[in-house]
Amino acid sequence: MKNITLSVLVMMAIGNISYAGGDIAPVVEPEVTVPAINESVSESGFYVGLGVSAVSTRESGLDFFSEKEGQDRTGDITLLGGYDFNQYIAVEGRYMVSVAEEDILERSSWGIYVKPQYPIYEDFKVYALLGYGGFDADGIDGSTVNVDETSFQWGIGASYEVMNNISIFVDYLNIANDVETTTFITSPSDVDSDAITVGMTYKF
């Protein structure tokens, strides 16, 4: 009898425990959210550009805007292409050729540059051009001008992104400095050449 009573009490206790446990909410494992992977193709870094340049070729000692004898100005078309490794450094190549002559010469130049750059704002950046290039000037209308030189070139500039992948820029480029020549406006003389360029670039 005692065994039966003990068995009944055990069964009742188990039943009460089971009943009490019915109100316990099941354990819910936390959800793990996996960030979506952006599969859009990023910009390649390559860019091309076109500009117009005012170029001064002159005897050393005269300035860009001098009206004295010993200088000539040309209007050039500038073609350029480059690659942005990141927002701080790029490489760039340029070719410039005169399409409008003022008086006595026509010219062309080329250069390959390391381009340090720094974003001041999201769409506005400043940059430098540091590299090596060639410069050639030949006389027209009977002029005996003949300059052919390769040397260090440098420049500074700024650009502004006006819309997605399209930027406008303005810069100054020192093309040649103290080039010795026996055939210039007044001979012999040392020759300087530099350019101010305004243009547009497109980034792929």
Residues of segment 54-96 satisfying the condition of being closer than 21 Å to GLU161 by Cβ, in contact (Cβ under 8 Å) with a residue 40 or more places away in the chain and not in a strand (DSSP E or B):
PHE85
Does VAL97 fit the bill of being surrounded by fewer than 14 Cβ atoms within 10 Å (Cβ to Cβ) and either at positive phi or not acidic (Asp, Glu) (or both)?
no
Tally time: how many residues in segment 118-164 are of a type in the set (Asp, Glu) and assigned to a strand (DSSP E or B)?
5
Residue that is surrounded by the most Cβ atoms within 10 Å (Cβ to Cβ), among those in segment 166-192 that are within 25 Å of ALA90 (Cα to Cα) and at pLDDT below 95:
ALA176
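For every residue, the table says whether it meets (1) at pLDDT 90 or above; (2) surrounded by fewer than 10 Cβ atoms within 10 Å (Cβ to Cβ); (3) touching a strand residue (DSSP E or B) at 6+ places or on another chain (Cβ under 7 Å); (4) of a type in the set (Val, Ile, Thr).
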| site | (1), (2), (3), (4) |
| --- | --- |
| VAL34 | no, yes, no, yes |
| VAL48 | yes, no, yes, yes |
| GLU67 | no, yes, no, no |
| THR78 | yes, no, yes, yes |
Contacts under 9 angstrom Cβ, first residue in segment 110-137 being surrounded by fewer than 18 Cβ atoms within 10 Å (Cβ to Cβ), partner aliphatic (A, V, I, L, M) and outside any strand (DSSP E or B), 6 or more apart:
VAL126/ILE120
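The values are calculated or read from the model by the stated rules, or taken from the named source; none is laboratory data. Keep in mind the model is a prediction, meaning the values are calculated, not measured. So basically every Cβ, Gly included, is an ideal-geometry build from the backbone, and we count neighbours across all protein chains shown.
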